[in-house]
Amino acid sequence: MKQGINPLAFGYAGAAVSAFAMLLLGTLGNLGIYEGAVSMMEQWHMFFSLSVIGIFTGMVEAAVISFVFLYAMAWFYNKFV
């Protein structure tokens with residue numbers, strides 16, 4: 001019996017975790033904690049900043065990137081199982 005990873009579920013899970021991590025980072029950044037990580041995220045993500053809109057758009061960007069990457073990874077994994 002062939003078993004594998006459900007790519008859609010894997011992508012959704014990664015997107016949810018990434019969006020939550022970006023929300024947490026934005027919230028902690030506004031409190032003055034993890035300022036180094038915040039500056040790195042501002043460099044790595046086009047839409048992330050410490051404003052409310054910037055945090056939301058950073059969450060969307062991180063979720064989309066994570067979904068695409070993890071969906072593709074699970075799809076390739078299933079091809080080789």
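Values quoted throughout were computed directly from the atomic coordinates according to the rules given, and no laboratory measurement underlies them. Only a predicted model underlies this, so the values are computations on that prediction, with no experimental measurement involved. Ideal geometry is used to build each Cβ from the backbone, glycine not excepted, and the neighbour counts take in all protein chains shown.
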*With label points built 7 Å along Cα→Cβ from the Cα atoms of Val52 and Met40, find their separation and express it in nm.*
2.9 nm
*Separation between the Val17 and Ile33 pseudo-spin-labels, each 7 Å from Cα along Cα→Cβ, expressed in nm?*
2.1 nm
